[in-house]
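Participant: Submitted below is the structure of interest, expressed as structure tokens.
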Amino acid sequence: MAISTATTVEDVPVFEEDLFTKEALRNPFPYYRKIRDLGPVVRLRGLDIYALGRFADVQSALRSPDVLISGHGVGFNDLLNAPAEQPAMIQSDGERHRRLRMPVARQLTPKALQHRRTEMYDIVSARVAELVGAGWVDGVTSLARYLPLTAVSHLVGLPENGRSNMLRWASAAFNLAGPNLEHLQGDLAALREVQQYLLEVDPAELREGSWAQTLFENVAEGRLTLAECRAALSGLVLPSLDTTIYAQANLLHNLGIFPDQWRALKSTPELIPSAVLESVRHSAVVRWFSRFAASEYHVGEVRIPQGARVMLIYGSANRDERRYVSPDQFEVTRNPTDQLGWGSGPHMCAGMHLAKLEMEVLLQALVEHVESIEVGEPIIGSNQGLYGFDAVPIRLSG
Ligand code: HEM
């Protein structure tokens with residue numbers, strides 16, 4: 001394949017394949033490799049999108065928030081990128097972004113979460129113990145979803161009608177992260193539903209002491225307006241379940257298909273934090289987001305013009321052979337502290353420590369109760385924003 005030496009927009013290579021077909025969404029990794037090999041920047045055929053797939057370029061882009069801004073949307077269609085009256089944290093820049101982020105992120109620091117570790121471990125440990133010797137079960141419904149749907153949705157604290165909709169809303173919101181909105185009427189309706197819900201949710205109905213309720217205290221204390229608080233709340237409601245469920249499902253699958261890595265972890269549990277990072281590197285749940293080039297942006301020799309939509313492919317950056325040796329292998333000793341599965345820069349995932357905690361206690365429970373993990377043929381999801389398994393048959397033996 002020719003190596004790109006492009007310097008002008010016209011010379012930027014075009015990636016001819018469609019990244020958004022069901023087949024590509026289910027196994028995006030060969031597509032990512034072709035994008036990386038075509039050059040540091042490619043244009044997606046038929047779409048007005050410049051895509052970056054190499055680690056160093058995605059990382060630099062995420063750390064250039066003054067040029068590559070989020071305030072004009074981080075999706076790939078005009079509907080999601082349209083200016084909102086009260087844009088969410090992920091769709092804000094500068095001072096407004098900091099104001100929305102701080103009260104959410106403050107509740108999700110390692111220190112703030114530390115006293116939840118034992119409680120979360122106990123919940124997941126009891127579940128793992130029940131599954132050992134129980135034969136083949138679906139690892140997603142019986143295990144990966146368990147902690148998020150019990151502990152996490154309780155901690156977020158929405159009343160029952162909100163809690164029961166959180167999964168459906170999140171799946172719809174992420175699925176709209178594609179350029180093509182045909183056939184997505186159901187998802188659009190779900191997005192409108194959640195937007196309406198966030199506008200109307202009554203703080204008095206939120207669980208006492210919950211993260212959502214604590215967020216509303218910022219209004220009383222004058223740190224956020226009521227409208228800003230509702231915008232910040234979407235950062236707890238939309239990304240806190242599906243992402244971690246997929247991350248745990250992907251982790252279970254990796255342990256099953258790389259049995260030597262499971263044995264290494266079992267004999268050296270100190271590797272648990274590294275195994276969590278490695279699974280998010282290897283099987284990045286959030287596929288991509290985008291930025292808007294507020295002024296010309298340079299990637300090496302390539303000048304991306306002002307006004308361009310720039311796609312940052314986290315899942316590709318994490319498999320970049322320019323950065324990682326044998327990137328398609330899942331290696332629990334790798335400890336990829338730089339991996340981009342949670343992003344980087346000012347928009348780096350505000351729930352990262354919670355996600356890590358959930359994955360760590362799951363691994364701790366597996367190490368404690370399980371001798372071997374077998375996995376069967378999974379059903380791979382085709383959500384346009386999230387990569388992961390919708391079902392993974394697993395058998396845990398003690
Ligand atoms: C393994 C699970 C997760 C993954 C892989 C993930 C991934 C990401 C990524 C890649 C971003 C960066 C967005 C950007 O660059 O524009 C992000 C942002 C964000 N995530 Fe997560 N996430 C996860 C779990 C969570 C959880 C559990 C929560 C909430 C409790 C959460 C809340 C957020 C919020 C609020 C943002 C926006 C941050 C900002 O704009 O400053 N995420 N996440």
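Participant: Checking the condition without any contact (Cβ under 8 Å) to a residue 40 or more places away in the chain, within 18 Å of the chain's Cα centre (by Cα) and surrounded by 18 or more Cβ atoms within 10 Å (Cβ to Cβ), which residue from Gln59, Gln91 passes?
Facilitator: Checking each option against the conditions leaves just Gln91.
Participant: Any residue at all in the range 369-381 that's assigned to a loop (DSSP other than H, G, I, E, B), farther than 22 Å from Lys22 by Cβ and either in contact with a Ser or Thr (Cβ under 8 Å, 6 or more places away or on another chain) or of a type in the set (Phe, Trp, Tyr) (or both)? Can you show your working first?
Facilitator: So the first thing to find is which residues in the range 369-381 are assigned to a loop (DSSP other than H, G, I, E, B), and the list is 370-371, 376-378, 381.
Pick out the ones that are also farther than 22 Å from Lys22 by Cβ and you get 370-371.
Narrowing the set further to residues that are either in contact with a Ser or Thr (Cβ under 8 Å, 6 or more places away or on another chain) or of a type in the set (Phe, Trp, Tyr) (or both) leaves 370-371.
Yes - at least one qualifying residue is present in the range 369-381.
Participant: Let me ask something else. Of the numbered conditions (1) within 10 Å of the ligand (Cβ to nearest atom); (2) under 18 Å from Ala247 (Cα atoms); (3) in a helix (DSSP H, G or I), Pro346 fails exactly one; give the number of that condition.
Facilitator: Every listed condition holds for Pro346 apart from (2).
Participant: How many of the residues making up the range 62-88 are among the acidic types (Asp, Glu) and free of Cβ contacts under 8 Å to residues at least 24 places away in the same chain? Let's see the steps before the verdict.
Facilitator: Initial filter on the range 62-88 (among the acidic types (Asp, Glu)): 66, 78, 85.
Narrowing the set further to residues that are free of Cβ contacts under 8 Å to residues at least 24 places away in the same chain leaves 78.
Count: 1.
Participant: Still on this model: Does Thr337 satisfy being polar (S, T, N, Q) and either in contact with an Asp or Glu (Cβ under 8 Å, 6 or more places away or on another chain) or closer than 17 Å to Leu255 by Cβ (or both)? Working first, answer last.
Facilitator: Values: polar (S, T, N, Q): yes; either in contact with an Asp or Glu (Cβ under 8 Å, 6 or more places away or on another chain) or closer than 17 Å to Leu255 by Cβ (or both): no.
Considered against the rule, which asks whether it is polar (S, T, N, Q) and either in contact with an Asp or Glu (Cβ under 8 Å, 6 or more places away or on another chain) or closer than 17 Å to Leu255 by Cβ (or both), Thr337 comes out as no.
Participant: May I pose another question? Could you please find all residues in the range 206-244 being within 14 Å of the ligand (Cβ to nearest atom) and farther than 22 Å from Ala173 by Cβ?
Facilitator: The answer is Thr214, and nothing else.
Participant: Consider the range 202-235. How many of its residues are out of contact with any helix residue (DSSP H, G or I) (no Cβ under 6 Å at 6 or more places or on another chain), outside any helix (DSSP H, G or I) and either under 19 Å from Gly351 (Cβ atoms) or in contact (Cβ under 8 Å) with a residue 60 or more places away in the chain (or both)?
Facilitator: 4
Participant: Still on this structure, please answer the following. Of all residues in the range 300-333 being aliphatic (A, V, I, L, M), farther than 15 Å from Leu44 by Cα and crowded, with 21+ Cβ neighbours inside 10 Å, which is modelled with the lowest pLDDT?
Facilitator: First pass over the range 300-333, keeping only residues aliphatic (A, V, I, L, M): 302, 304, 308, 310-313, 317, 325, 332.
Checking the rest, the ones that are also farther than 15 Å from Leu44 by Cα come to 302, 317, 325, 332.
Adding the requirement that they be crowded, with 21+ Cβ neighbours inside 10 Å leaves 302, 317, 332.
On the way: Val302: 95, Ala317: 98, Val332: 98.
Among them, the one singled out is Val302.
Participant: Give the residue that is farthest from Glu321 (Cα to Cα), with candidates limited to residues of the range 36-72 that are more than 15 Å from the ligand (Cβ to nearest atom) and in a helix (DSSP H, G or I).
Facilitator: Result: Leu38.
Participant: Could you tell me whether Val361 is buried (at least 21 other Cβ atoms within 10 Å of the Cβ), assigned to a loop (DSSP other than H, G, I, E, B) and either in contact with a helix residue (DSSP H, G or I) (Cβ under 6 Å, 6 or more places away or on another chain) or of a type in the set (Gly, Ala, Ser) (or both)?
Facilitator: Details: buried (at least 21 other Cβ atoms within 10 Å of the Cβ): yes; assigned to a loop (DSSP other than H, G, I, E, B): no; either in contact with a helix residue (DSSP H, G or I) (Cβ under 6 Å, 6 or more places away or on another chain) or of a type in the set (Gly, Ala, Ser) (or both): yes.
Against the criterion (buried (at least 21 other Cβ atoms within 10 Å of the Cβ), assigned to a loop (DSSP other than H, G, I, E, B) and either in contact with a helix residue (DSSP H, G or I) (Cβ under 6 Å, 6 or more places away or on another chain) or of a type in the set (Gly, Ala, Ser) (or both)), Val361 does not qualify.
Participant: A further question follows. Quickly run through the range 77-131 and pick out the residues that are polar (S, T, N, Q) and within 13 Å of the ligand (Cβ to nearest atom). Break it down into steps so the answer makes sense when it comes.
Facilitator: First pass over the range 77-131, keeping only residues polar (S, T, N, Q): 77, 81, 86, 91-92, 107, 109, 114, 118, 125.
Within the range 77-131, Asn81, Gln91, Ser92, Gln107, Thr109 qualify.
Participant: In addition: Could you grab me the full set of residues in the range 98-122 that are closer than 19 Å to Cys229 by Cβ and surrounded by 17 or more Cβ atoms within 10 Å (Cβ to Cβ)?
Facilitator: Filtering the range 98-122 for residues closer than 19 Å to Cys229 by Cβ gives 98-108, 112.
Of everything in the range 98-122, those that are closer than 19 Å to Cys229 by Cβ and surrounded by 17 or more Cβ atoms within 10 Å (Cβ to Cβ) turn out to be Arg99, Leu100, Arg101, Pro103, Val104, Ala105, Gln107, Leu108.
Participant: From the list Pro179, Pro239, which residue is part of a loop (DSSP other than H, G, I, E, B), within 25 Å of the chain's Cα centre (by Cα) and either polar (S, T, N, Q) or modelled with pLDDT of 90 or more (or both)?
Facilitator: Details: Pro179 fails: either polar (S, T, N, Q) or modelled with pLDDT of 90 or more (or both).
Within the list Pro179, Pro239, the selection yields Pro239.
The values are calculated or read from the model by the stated rules, or taken from the named source; none is laboratory data. Since the model is a prediction, treat every value here as computed from it, not as a measurement. Reconstructed Cβ throughout: ideal geometry from the backbone, glycine too, with neighbour counts over all protein chains shown.
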